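Encoded as structure tokens, here's the structure I'll be asking about.
Laboratory data are not the source of any read-out in this text; all were calculated from the coordinates shown. These figures come from a predicted structure and were not determined experimentally. Here the Cβ positions follow ideal geometry from the backbone for every residue, glycine too, while neighbour counts run over all protein chains shown.
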Amino acid sequence: MPEAAPIVEVAAGLIIRDGKILIARRLDNAHLGGLWEFPGGKRQPDESFKACLKREVMEELGLTIAVHEQVYSAEHHDLQHHIRLRFYRCTVLAGEPRPLGCAAYRWITPAEISAYPFPPADLPLVHQIASGCHIIA
């Protein structure tokens, strides 16, 4: 009987400014390299999801953020992973984005989001945003 895929818990941010969402492109040599994502990453043991998100956004983009309410959650399964994602609405407290741990970043409108390829786990939220859902309002 095959072993169950390990559970990976991920916090991701819908970082909103002036009606636009901040997205980041994964490094080419990373898992799912070249795809765009909502900034964030894997939660470490004994780390809260909000603390994880603040740490990851600082590491990837050099931003200090405020993490607000959870707006969405998703689960994704593949052969190697069982991913549990929590998405939080966020605002920038300090800094301007810099591609420190990502290949690039963009501020995009909800109408533009469908033009960017995202990992499968993010697609349900991407489709909601593209359809005009109030998640980023």
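Given the criteria surrounded by 12 or more Cβ atoms within 10 Å (Cβ to Cβ) and in a strand (DSSP E or B), does V57 qualify?
Details: surrounded by 12 or more Cβ atoms within 10 Å (Cβ to Cβ): yes; in a strand (DSSP E or B): no.
No, not satisfied.
Can you spot a residue in region 54-62 that is within 24 Å of Y116 (Cβ to Cβ) and in contact with a His (Cβ under 9 Å, 6 or more places away or on another chain)?
Checking region 54-62: not a single residue is within 24 Å of Y116 (Cβ to Cβ) and in contact with a His (Cβ under 9 Å, 6 or more places away or on another chain).
Looking at region 66-86 only, could you name the residues that are touching a Phe, Trp or Tyr at 6+ places or on another chain (Cβ under 9 Å) and buried (at least 17 other Cβ atoms within 10 Å of the Cβ)?
Applying the first criterion (touching a Phe, Trp or Tyr at 6+ places or on another chain (Cβ under 9 Å)) to region 66-86 yields 67-74, 85-86.
If the condition is that a residue be touching a Phe, Trp or Tyr at 6+ places or on another chain (Cβ under 9 Å) and buried (at least 17 other Cβ atoms within 10 Å of the Cβ), then V67, V71, Y72, A74, L85, R86 are the ones that fit.
Separate question: Among the residues of region 34-44, write down those that are in contact with a Lys or Arg (Cβ under 9 Å, 6 or more places away or on another chain) and either without any contact (Cβ under 8 Å) to a residue 24 or more places away in the chain or among the aromatic types (F, W, Y) (or both).
W36, Q44, listed by residue number.
Which condition number in (1) more than 14 Å from G13 (Cα to Cα); (2) free of Cβ contacts under 8 Å to residues at least 60 places away in the same chain is the one that V126 fails?
If we test V126 against (1) more than 14 Å from G13 (Cα to Cα); (2) free of Cβ contacts under 8 Å to residues at least 60 places away in the same chain, just (1) comes out false.
Same structure, new question: Collect the residues in region 92-103 that are closer than 8 Å to R25 by Cβ and either within 13 Å of the chain's Cα centre (by Cα) or exposed (fewer than 13 other Cβ atoms within 10 Å of the Cβ) (or both), keeping them in residue-number order.
The one that is closer than 8 Å to R25 by Cβ and either within 13 Å of the chain's Cα centre (by Cα) or exposed (fewer than 13 other Cβ atoms within 10 Å of the Cβ) (or both): C102.
Do we have any residue at all in region 86-100 that's part of a loop (DSSP other than H, G, I, E, B), of a type in the set (A, V, I, L, M) and in contact with a helix residue (DSSP H, G or I) (Cβ under 9 Å, 6 or more places away or on another chain)?
If we filter region 86-100 for residues that are part of a loop (DSSP other than H, G, I, E, B), which is where we start, we get 95-100.
Subset that is of a type in the set (A, V, I, L, M): 100.
From what is left, the residues that are in contact with a helix residue (DSSP H, G or I) (Cβ under 9 Å, 6 or more places away or on another chain) are 100.
There is at least one residue in region 86-100 that is part of a loop (DSSP other than H, G, I, E, B), of a type in the set (A, V, I, L, M) and in contact with a helix residue (DSSP H, G or I) (Cβ under 9 Å, 6 or more places away or on another chain).
Another question, then. For region 1-38, which positions are loosely packed, with under 13 Cβ neighbours inside 10 Å and under 23 Å from H68 (Cα atoms)?
Listed by number, the residues that qualify are R17, D18, G19.
Residue-by-condition table, conditions (1) touching a helix residue (DSSP H, G or I) at 6+ places or on another chain (Cβ under 9 Å); (2) free of Cβ contacts under 8 Å to residues at least 60 places away in the same chain; (3) among the acidic types (D, E); (4) not in a strand (DSSP E or B):
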| position | (1), (2), (3), (4) |
| --- | --- |
| A4 | no, no, no, yes |
| A12 | yes, no, no, no |
| A24 | yes, no, no, no |
| L27 | no, no, no, yes |
| H31 | no, yes, no, yes |
| D46 | no, yes, yes, yes |
| Q70 | yes, yes, no, no |
| A74 | yes, yes, no, no |
| L79 | no, no, no, yes |
